[in-house]
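One structure is given below, encoded as structure tokens.
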Amino acid sequence: MIRGYFYQPNSSRVQEAIARLNDSHIAVYADDECVCESSVETLQVSAHLPGQASELTFTDGARFVPLDVAHRWSFQSGKSSLLAKLESNLVLIVCALVATPVLLYALLFKLVPGIAVTAVQTVPDAVVEQMGQQSMALIERTVLLPSDLSEKEQAAVEQLWLDTVSQLDLSAQKYRVDVYRSEHFGANAFALPHGQVVVTDELARLLADNPDALRAILLHEIGHVERMHSVRLASQAAVASIAIAMLVGDMDIVAEVVLGSGSALLDLQFSQNMEWEADNYALAQLHRLGYSGEHFAQALESLAELGEEHEQSWLKYLSTHPSLQERIEHARSYTPSP
Amino acid sequence: MDSTSTTTAAEPGSQSTPSQLLFTGNGKEYFGIWIVNLLLTLVTLGIYSAWATVRTKQYFYGHTLLDGHRFDYLATPIQILKGRLLAVGLFVIYSMISSYFPLVGAMMAFALALLVPWMINQGLKFSMRMTRYRNIRFAFRGSYGEAMVNFVVLPFVSIFTLYLLMPWVLKRIDAYIHSNIRYGDKPVQVQLQGKEYYAAALLVMLLGILMMMLLGLAFSLVGGININPDELGAVNFGMFLIVPLYLFVISALQGIYQALIRNHILNNAQIDEVAEFKSTLAPQRYALILATNAAAIVLTAGLAFPWAKVRKVRALAEATQVVLLPGADQVLDTAQQAESSFAEEAANVFDVDISLT
Ligand SMILES: [Zn+2]
């Protein structure tokens, strides 16, 4: 005899009731009157949750909920209690505590980048071309202005670029350079996935007397294009956001911020690795073409001197490039692997 | 537990005594559920997340008791999984396109804005249909046009008023959501006042400005001590301090606003002949709970999440009373189809916020 509530089908009416179980037959009585009976095979039994009685749902939608919150039915399948057992098993909880961060790390920092790198190889050239052109259109509209450099200065950059590209046996059709003025970027250069490299006025002026240093910077940017870094970043971001969307489901703002900063960290690490890759590409090509890492080091030093003035903000910590000092030392000590 | 009143709810005296909403779950049990959910979700690369969602909701709904009867969450994992896979699939396509083709992506964002009202309506409909109290399911009937006006057009227009219209828009949104909810065949009615929203927004803004100034002062003092330190050290220190502090302050402000608005909505809502609501959530207490929750979650690298969630839900329940009226026994369930969780999942994945305060 089990005391509980009887809920009538499709109605908010509730009755206090008693359930009697005989072998495989159950009958529910309210006020000494049988309100519902059924064989147990046709019953639906709710999932096994801690602190919640297992309720019975009859075929017509009526329900019986025992008063005792710990009540379980003898005919309930053992399957549903498995999870509840796992959830209250101390050993398993401790194991889960250890395994979860490890798995999370493996997933976000190994599997996601792995998938992203594989995905990159399947991206067709036409897509890369479109991606580059559309990004450039957006950047140009928002933060770039026509160059202030004289024709001669611009021609010097152009000539240096053509020399470098032809020395590398790269297609001059794909690889092109453009000079823009930009307050947003300062002295800088960046590469777009389809082979367009943008050099700012400030950078061109800064290294006007040291073309070999500028060449080193250009090689670094070509390295980004050759290794398809933008495409990788984009595919990384896409894969990571899918992973997070799958994992998070419905968490609240705090969890989102924690995971969000995790993925920002991931982006950061990923792009730092890319900077090293582009550096190494530039250094290897410099050596192959008969220049030395010293030129790259000089270029970085000029940038470092410039940076002293306005990059003191502590947000610099989060910048995508590794510390300039480290990179300068790396450039000086670089020896090409055979 | 006050469990006997419903069976004799026909007697007139019962309408004056409010029933306390109870939450009977605890952090220890939920921690077990949470960590197992997380582990299985990771092991199955996200597939289990559907089962995890259902189990978590069942735990929280089933431990929420009104008048001795619990709430039920009715969605099945397969339903959630189907909707989630479809939504994530679409999101993959969307994010691929917008990262590879930024211009096309911008146009798609516009198309998405047209889908937002639909997602919100369908998402609310699904989550209402999946909620049951005493064999009666909740329902939601909103129209696309009204949702479009409230969720897309008015917020956009309010930008041009320097957000001065925003509290009024938020009032309209809450009124839209709540007055379209039904409990069985009985509609919910709300009478909301714009001035309450303006008062809450003003208070939160002033407090926010005050906090920013205090924080700024504190940081300049800290910065002053490390005049020329090892650069990285100072930076790390700042980073580790600023994120929890930011979350702490934001959560506290959020708590104040939510408490004020929640009290206002519930105290002015009723289901005809069925129930009246009372919410007495103290803003400063709720702010403290949310802020310390956020701090605890950050400081324990997420481990405090189950404890924090239970604490929040319990505080909300404790502050809620419902007066059940005699008609509570005569509600009939209505048929409304809502088999797909797609819209709700899509709203989640695309970060369209639907919250019932
Ligand atoms: Zn670079």
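The values are calculated or read from the model by the stated rules, or taken from the named source; none is laboratory data. Just so we're clear, the structure is a prediction, and the values are computed from it rather than from any experiment. Cβ: placed from backbone, ideal geometry, glycine included. Neighbour counts: every protein chain shown.
Screening A:Ile93 on (1) more than 10 Å from chain B (Cβ to nearest Cβ); (2) at pLDDT 85 or above; (3) surrounded by 14 or more Cβ atoms within 10 Å (Cβ to Cβ) shows it passes everything except condition (1). Can you name every residue in segment A:29-50 that is farther than 30 Å from A:Glu87 by Cβ and hydrophobic (A, V, I, L, M, F, W, C)? If the condition is that a residue be farther than 30 Å from A:Glu87 by Cβ and hydrophobic (A, V, I, L, M, F, W, C), then A:Ala30, A:Cys34, A:Val35, A:Cys36 are the ones that fit. How many residues are in a loop (DSSP other than H, G, I, E, B) and within 14 Å of another protein chain (Cβ to nearest Cβ) if we restrict to segment A:1-31? Number of matching residues: 6.
Restricting B:Gly62, B:Gly83 to residues that are touching a helix residue (DSSP H, G or I) at 6+ places or on another chain (Cβ under 6 Å) and surrounded by 19 or more Cβ atoms within 10 Å (Cβ to Cβ) narrows the list to B:Gly83. Is there a residue in segment B:249-268 that is polar (S, T, N, Q), farther than 20 Å from B:Met205 by Cα and within 11 Å of chain A (Cβ to nearest Cβ)? No, there is no match, as no residue in segment B:249-268 is polar (S, T, N, Q), farther than 20 Å from B:Met205 by Cα and within 11 Å of chain A (Cβ to nearest Cβ).
Against the conditions (1) at the interface with chain A (Cβ under 7 Å from one of its Cβ atoms); (2) surrounded by fewer than 23 Cβ atoms within 10 Å (Cβ to Cβ); (3) touching a residue at least 24 places away in the same chain (Cβ under 8 Å); (4) closer than 22 Å to B:Asn135 by Cα, B:Gly25 satisfies every one except (2). A single member of A:Ala116, A:Ala172 is outside any loop (DSSP other than H, G, I, E, B), small (Gly, Ala, Ser) and modelled with pLDDT under 85, and it is A:Ala116.
For B:Gly46, indicate whether it is of a type outside the set (Val, Ile, Thr), at pLDDT below 85 and buried (at least 20 other Cβ atoms within 10 Å of the Cβ).
yes
In segment A:147-169, the qualifying residues are those that are part of a loop (DSSP other than H, G, I, E, B) and in contact (Cβ under 8 Å) with a residue 24 or more places away in the chain, and the one that is nearest to A:Leu207 (Cα to Cα) is A:Leu149. Only one of the listed residues (B:Ser127, B:Ser95, B:Ser158) is touching a Leu at 6+ places or on another chain (Cβ under 9 Å), within 11 Å of chain A (Cβ to nearest Cβ) and on the phi < 0 side of the Ramachandran plot. That residue is B:Ser127. Taking (1) over 19 Å from the mean Cα position of the chain (by Cα); (2) modelled with pLDDT of 85 or more; (3) surrounded by fewer than 20 Cβ atoms within 10 Å (Cβ to Cβ) in turn, B:Thr56 satisfies each apart from (1).
Conditions (1) buried (at least 17 other Cβ atoms within 10 Å of the Cβ); (2) more than 11 Å from chain B (Cβ to nearest Cβ), marked per residue:
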| site | (1), (2) |
| --- | --- |
| A:Gly51 | no, no |
| A:Arg63 | yes, no |
| A:Leu82 | no, no |
| A:Glu87 | yes, no |
| A:Thr100 | yes, no |
| A:Leu111 | no, no |
| A:Gly114 | no, yes |
| A:Thr122 | no, yes |
| A:Asp125 | no, yes |
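Among residues of segment A:1-17 that are under 21 Å from A:Ala70 (Cβ atoms) and without any contact (Cβ under 8 Å) to a residue 60 or more places away in the chain, those with a beta-carbon under 8 Å from a residue that is part of a strand (DSSP E or B) and of a type in the set (Val, Ile, Thr) at least six positions away or on a different chain give the pairs A:Met1/A:Ile18; A:Phe6/A:Val14; A:Phe6/A:Val28; A:Phe6/A:Val35; A:Tyr7/A:Val14; A:Tyr7/A:Val65; A:Ala17/A:Val28; A:Ala17/A:Val35.
Here is a check on your reading of the model: is A:Val35 farther than 30 Å from B:Thr53 by Cα, of a type in the set (Val, Ile, Thr) and either without any contact (Cβ under 8 Å) to a residue 60 or more places away in the chain or in contact with an Asp or Glu (Cβ under 6 Å, 6 or more places away or on another chain) (or both)? So A:Val35 fits the description; yes. Only one entry in A:His194, A:His184, A:His220 is in contact (Cβ under 8 Å) with a residue 24 or more places away in the chain, away from the ligand (no atom under 15 Å from the Cβ) and either away from chain B (no Cβ under 14 Å) or closer than 27 Å to A:Gly290 by Cβ (or both), namely A:His184. Which of the residues spanning segment B:45-59 are at positive phi and out of contact with any helix residue (DSSP H, G or I) (no Cβ under 7 Å at 6 or more places or on another chain)? Correct list: B:Leu45 only. Count of segment A:1-18 residues, restricted to those that are surrounded by 21 or more Cβ atoms within 10 Å (Cβ to Cβ) and among the β-branched types (Val, Ile, Thr), is 1.
Among the residues of segment A:144-161, is there at least one that is within 16 Å of the ligand (Cβ to nearest atom) and modelled with pLDDT of 80 or more? So far as segment A:144-161 goes, no, none of its residues is within 16 Å of the ligand (Cβ to nearest atom) and modelled with pLDDT of 80 or more. Taking the conditions (1) away from every other protein chain (no Cβ under 14 Å); (2) surrounded by 14 or more Cβ atoms within 10 Å (Cβ to Cβ); (3) more than 15 Å from the ligand (Cβ to nearest atom); (4) free of Cβ contacts under 8 Å to residues at least 40 places away in the same chain in turn, A:Thr200 satisfies each one other than (3).
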